[in-house]
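Below you'll find the structure, written out as structure tokens, and then a few comments.
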Amino acid sequence: MRVPTAQNSPPLWVRLAREVPYPVEQVRSVTLLCEGGRLFLDVTAEVPVATYPPGEGPDPARVAGVDLGIIHPYAVASRDGEGLLVSGRAIRAEHRMHLADTKTRRRSVSQRAPKPGQKGSRRWRKYRRRARLVEGRHKRRVRQAQHEAARQVVSWAVQQRVGVLHVGDPRSVLDTDAGRRHNLLLRQWQIGRLMQVLEDKGHPGRHHRPPRQRTRHLLHLPRLSTTGTETPRPDPDLPAL
């Protein structure tokens, strides 16, 4: 990839760690990002909208309910008695391991931490750079797991021919004081992000719509008559060397 430079300057070419998963003619925009001291490419492409044979597409008359959980991100149930539970134990384990690793690293370097207003040493700057890399990797893992969980919900709904998902909005429980430990879990819940990710998967290429009610959020899945092209969410970040 060629990065724009100043006039009369030599071109700057960036080598990617892996190929872009879309054909070149479908790529619409490429954004260069810097996170944790590393460069990433945010790629947006135009792909055909999913179509279904007659009688096999999502039916708007079929409705399913989605419950957002603290441990398990999504629990889905339909009127036919079918259900889906997306496990979130891997995400919880990632949070716990990251917290334990952060505590250990901070405890080991607490003795050589610079005083306020004091310039840190080269060794301290290396530690800070490593901490930013680890923090960025942790956030990407959690974000990718949330997208995969939402994709499982939408794929299950399409298989069950569910046309509408009613997503509960339990944000009012965040104001309830349930103790120090449980309050920490609630603050790490990311309810709004789970709803946004699920809406992005159900509404590809459309704008976000606010909930109609405080405790109910309507999410319409792709219908049978949908044709044309869409601009989906960007593919996971492509690391560049």
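The values are calculated or read from the model by the stated rules, or taken from the named source; none is laboratory data. Just so it is clear, the structure is predicted and the values come from calculations on it, not from any experiment. Ideal geometry is used to build each Cβ from the backbone, glycine not excepted, and the neighbour counts take in all protein chains shown. Please note that ligands, DNA and RNA were not included when accessible areas were found on the heavy atoms of the full protein model with its side chains. Shrake-Rupley method; radii C 1.70, N 1.55, O 1.52, S 1.80 Å.
Heavy atoms only, probe 1.4 angstrom, no DNA, RNA or ligands counted: give me Met97, Met1, Met195 ranked by accessible area, highest first.
The residues order as Met97, Met1, Met195, largest area first.
What is the distance in Å between the Cα centres of segment 177-195 and segment 22-69?
What the calculation gives is 27 Å, centre to centre.
Set the Förster distance to 41 Å, then compute FRET efficiency between Lys126 and Ala50 from the Cβ-Cβ distance, nearest 0.05.
Efficiency at R0 = 41 Å is approximately 0.30.
Restricting to Cα atoms and excluding each atom paired with itself, what does the Kirkwood estimate give for segment 1-158 in Å?
20.7 Å
Which residue, chosen from His138, Gln160, Gly117, occupies the Cα position most advanced towards the positive end of the dipole of segment 83-166, where the dipole is computed from +1 (Lys, Arg) and -1 (Asp, Glu) charges on Cβ about the Cα centre?
Working it through, the farthest residue towards the positive pole turns out to be Gly117.
Carbon and sulfur atoms: what percent of the 1.4 Å accessible area of segment 1-64 do they account for?
56 percent
What GluC sites (Glu not before Pro) does segment 72-150 have in DSSP loop regions with at most 15 other beta carbons within 10 Å?
Glu82
What does the extension gain come out to for Cys34 and Ser110, with contour length at 0.36 nm per residue minus their alpha carbon separation?
Here the answer is 24.6 nm.
What is the ratio of the Cα radius of gyration of segment 82-129 to 2.2 N^0.38 Å, where N is its residue count, to two decimals?
Its radius of gyration relative to the 2.2 N^0.38 Å reference: 1.86.
Just to make sure I understand: if all protein chains stay in place, what is the order of Lys103, Lys119, Lys126 by accessible area at 1.4 Å, largest first?
Ranked list, largest accessible area first: Lys119, Lys126, Lys103.
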